[in-house]
2 protein chains.
Amino acid sequence: MKSILMVGQSNMAGRGFLTAVPPILNDHLRMLRNGRWQQLAEPVNVDREVAGVGLAPAFAQAWSADHPTETLGLIPCAEGGSALAEWAPDAPLMRHAISEAHFAQETSEIIAILWHQGENDSLDHHYRTYQTQLTHTLTHLRTALNLPAVPIILGGLPAFLGQHGFGLSATEAPQIDALIRQTAAELPQAYFVTAADLTANPDGIHLNAPSQRRFGIRYYQAFHQRADVLAPLADEAQRVAALTTHPLTAAETLYLQSKRFALGQTTFDEFMAAVQASRSGEADA
Amino acid sequence: MKSILMVGQSNMAGRGFLTAVPPILNDHLRMLRNGRWQQLAEPVNVDREVAGVGLAPAFAQAWSADHPTETLGLIPCAEGGSALAEWAPDAPLMRHAISEAHFAQETSEIIAILWHQGENDSLDHHYRTYQTQLTHTLTHLRTALNLPAVPIILGGLPAFLGQHGFGLSATEAPQIDALIRQTAAELPQAYFVTAADLTANPDGIHLNAPSQRRFGIRYYQAFHQRADVLAPLADEAQRVAALTTHPLTAAETLYLQSKRFALGQTTFDEFMAAVQASRSGEADA
């Protein structure tokens with residue numbers, strides 16, 4: 001199977017509200033838990049109690065549509081509120097991400113690194129050293145994973161930063177955004193994705209759930225085309241809608257039924273009836 | 001700071017419904033995330049989408065009441081549905097748990113291992129080799145953590161297993177329960193905690209949230225007394241109630257306000273008013 005490493009801060013982890021978009025359910029998608037693969041379910045990157053919808057599930061679902069017979073796993077290592085300095089080679093976040101990635105590499109091939117970070121460096125003139133540090137961090141990741149040419153997709157910073165709520169202090173976001181783009185331009189096999197026109201949660205710093213779906217489509221477009229995405233895609237809305245319109249497979253239906261039963265939302269008889277229906281569906285297929 | 005390793009299967013991870021008990025909030029408690037410590041919030045052990053209330057937060061809260069100036073961190077490594085064979089020394093779950101524990105040991109002293117497992121071995125005569133395997137697994141953990149005498153608390157299996165829902169197949173739970181108790185008796189510094197009188201979720205296999213609170217108190221009693229807990233404690237209900245009756249500190253209140261703001265449940269003005277109130281509370285203290 002293939003896999004994807006998720007690194008950066010909260011907008012990579014995801015803070016979109018889980019109830020604001022239809023869930024992504026696909027029995028070809030996995031996430032790393034305790035060093036092993038499990039069925040993907042959001043929130044994937046549970047760094048905090050408030051973890052929610054991130055961009056990676058939309059990326060994965062779009063990839064899956066183009067690779068219907070293959071399996072993709074997400075390796076969640078993003079950490080809310082982390083400054084770039086906390087991703088230095090010797091820092092715990094970096095060492096932990098590499099450790100998680102090594103577990104994933106026992107059973108999968110990492111085909112891309114998805115990176116989003118910068119809000120916590122959009123103040124106090126951090127931009128002076130940002131590009132050097134970012135290049136160092138990303139190069140170290142490639143070296144540690146023994147993947148010197150693995151594609152890296154870097155998202156830009158949204159325009160709503162610096163204006164209100166938790167985003168207020170991020171006054172130098174435009175400078176950091178430009179440096180992320182510049183880093184992508186200078187680092188081989190690295191691609192920039194604009195955050196233009198994306199929308200915040202009420203907190204003023206986190207991308208809302210619909211925007212995370214759009215951002216994930218843009219990340220996938222950059223990966224698929226091996227090219228920067230410098231403007232919103234013309235067909236973004238349709239591609240987001242297509243993420244969740246396919247009919248559920250028998251296995252996906254069974255996953256949902258198991259979840260509902262585990263949460264006390266259906267009876268055992270209803271659950272067993274669903275299992276039987278799922279099995280006869282498989283027999284028919 | 002001190003820390004606690006959580007290992008085993010779903011009833012160690014926790015599947016109690018989050019809305020069924022008051023939350024545990026304590027700024028002296030932490031959980032490991034991405035190799036670092038964060039404020040404890042439930043669910044702590046997010047192995048699955050349905051992760052919920054486990055026993056470890058109640059254990060931690062009871063410990064904190066006895067050590068009010070100290071900090072305790074939980075290291076969540078339990079994995080739903082895992083059979084004992086999946087905890088063999090070379091298996092990914094074991095290697096991953098050791099890796100997580102090593103990150104925790106960079107900044108903390110592990111003072112206990114909390115173990116709960118057995119539902120997935122309560123069938124097909126797994127009891128024939130269970131005690132040998134369990135002793136081997138726990139001894140390996142101690143060796144790998146370089147903690148040869150660290151206390152290990154082992155919970156027994158609830159009596160509701162083998163009867164309905166997801167618990168139906170666990171027909172040999174009484175045999176496994178006896179072997180867990182026997183293992184604790186024969187392994188040095190290992191203590192057994194009964195699951196007597198605890199109650200299931202509607203799924204017939206997972207301890208419900210109130211029972212997880214009680215189980216956590218029993219685990220702490222075994223740790224504190226360095227002795228088996230072979231029957232429900234006489235004052236269990238009062239001790240569970242005491243877990244969540246203390247007034248919140250300024251930092252705990254601020255954590256709750258930040259969470260509500262991040263989830264869009266309060267406005268920025270309300271949040272900032274709470275920050276100001278919290279600061280003046282601290283100045284008063």
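The values are calculated or read from the model by the stated rules, or taken from the named source; none is laboratory data. If you're wondering where the values come from, they're calculated on a predicted model, not measured in any experiment. In this analysis, Cβ positions are derived from the backbone assuming ideal geometry, glycine residues included, and neighbour counts consider all displayed protein chains. Calculation scope for accessible area: heavy atoms of the full protein, side chains included, ligands and nucleic acids excluded. Shrake-Rupley method; radii C 1.70, N 1.55, O 1.52, S 1.80 Å.
Condition test on B:TRP37, is it under 22 Å from B:LEU147 (Cβ atoms), outside any helix (DSSP H, G or I) and not charged (D, E, K, R)? Spelling it out, B:TRP37 is indeed under 22 Å from B:LEU147 (Cβ atoms), outside any helix (DSSP H, G or I) and not charged (D, E, K, R). Scanning segment B:234-282 for residues that are among the polar types (S, T, N, Q), open to solvent by 60 Å² or more (accessible area, probe 1.4 Å) and facing chain A (nearest Cβ under 10 Å) turns up B:GLN265, B:THR267. Just to be sure, is A:GLU42 of a type in the set (D, E, K, R), touching a residue at least 24 places away in the same chain (Cβ under 8 Å), open to solvent by less than 10 Å² (accessible area, probe 1.4 Å) and at the interface with chain B (Cβ under 9 Å from one of its Cβ atoms)? Against the criterion (of a type in the set (D, E, K, R), touching a residue at least 24 places away in the same chain (Cβ under 8 Å), open to solvent by less than 10 Å² (accessible area, probe 1.4 Å) and at the interface with chain B (Cβ under 9 Å from one of its Cβ atoms)), A:GLU42 does not qualify. Within segment A:260-272, is even one residue in a helix (DSSP H, G or I) and of a type in the set (Gly, Ala, Ser)? Among the residues of segment A:260-272, at least one is in a helix (DSSP H, G or I) and of a type in the set (Gly, Ala, Ser), which makes the answer yes. Given (1) open to solvent by 10 Å² or more (accessible area, probe 1.4 Å); (2) touching a helix residue (DSSP H, G or I) at 6+ places or on another chain (Cβ under 7 Å); (3) part of a loop (DSSP other than H, G, I, E, B), where does B:GLN163 come up short, assuming only one miss? Of everything listed in (1) open to solvent by 10 Å² or more (accessible area, probe 1.4 Å); (2) touching a helix residue (DSSP H, G or I) at 6+ places or on another chain (Cβ under 7 Å); (3) part of a loop (DSSP other than H, G, I, E, B), B:GLN163 misses just condition (2).
The residue that is nearest to the other protein chains (Cβ to nearest Cβ), counting only those in segment B:5-31 that are closer than 22 Å to B:THR249 by Cβ and open to solvent by less than 10 Å² (accessible area, probe 1.4 Å), is B:MET31. Run A:ASP47 past the list (1) open to solvent by 10 Å² or more (accessible area, probe 1.4 Å); (2) free of Cβ contacts under 8 Å to residues at least 40 places away in the same chain; (3) touching a helix residue (DSSP H, G or I) at 6+ places or on another chain (Cβ under 6 Å); (4) within 27 Å of A:GLN163 (Cα to Cα) and report the number of the one that doesn't hold. Every condition holds for A:ASP47 apart from (1). Checked against (1) open to solvent by less than 10 Å² (accessible area, probe 1.4 Å); (2) among the small types (Gly, Ala, Ser); (3) without any contact (Cβ under 8 Å) to a residue 60 or more places away in the chain; (4) within 13 Å of another protein chain (Cβ to nearest Cβ), A:ALA209 meets all criteria but (3).
Hey, could you check segment A:184-196 for residues that are in a helix (DSSP H, G or I) and in contact with a Phe, Trp or Tyr (Cβ under 8 Å, 6 or more places away or on another chain) and say which is surrounded by the most Cβ atoms within 10 Å (Cβ to Cβ)? The extreme case among them is A:ALA184.
Checking each residue in segment B:136-149 for being touching a residue at least 24 places away in the same chain (Cβ under 8 Å), open to solvent by 10 Å² or more (accessible area, probe 1.4 Å) and assigned to a loop (DSSP other than H, G, I, E, B) picks out B:LEU147, B:ALA149.
Of the residues in segment A:65-78, how many are farther than 15 Å from A:ALA104 by Cα and open to solvent by 10 Å² or more (accessible area, probe 1.4 Å)? Qualifying residue count, segment A:65-78: 6. Inclusion of A:THR199 among residues that are at pLDDT 95 or above, surrounded by 22 or more Cβ atoms within 10 Å (Cβ to Cβ) and in contact with a Leu (Cβ under 8 Å, 6 or more places away or on another chain) is not warranted.
Before we move on, is A:ARG181 surrounded by fewer than 23 Cβ atoms within 10 Å (Cβ to Cβ) and either modelled with pLDDT of 95 or more or assigned by TED's automatic domain parsing to the domain that holds A:ALA112 (or both)? It is true that A:ARG181 is surrounded by fewer than 23 Cβ atoms within 10 Å (Cβ to Cβ) and either modelled with pLDDT of 95 or more or assigned by TED's automatic domain parsing to the domain that holds A:ALA112 (or both).
Does any residue of segment B:202-215 turn out to be more than 15 Å from B:SER10 (Cβ to Cβ) and among the acidic types (Asp, Glu)? Checking segment B:202-215: not a single residue is more than 15 Å from B:SER10 (Cβ to Cβ) and among the acidic types (Asp, Glu). A:LEU93 - would you say it is away from chain B (no Cβ under 12 Å) and either surrounded by 18 or more Cβ atoms within 10 Å (Cβ to Cβ) or in contact (Cβ under 8 Å) with a residue 12 or more places away in the chain (or both)? The answer is no for A:LEU93.
Exactly one residue among B:GLY81, B:GLY73, B:GLY35 is at positive phi, touching a Phe, Trp or Tyr at 6+ places or on another chain (Cβ under 7 Å) and at pLDDT 95 or above, and that residue is B:GLY35. The set of residues in segment B:167-186 being farther than 16 Å from B:TYR127 by Cα and more than 21 Å from the chain's Cα centre (by Cα) consists of B:LEU168, B:ALA185, B:GLU186.
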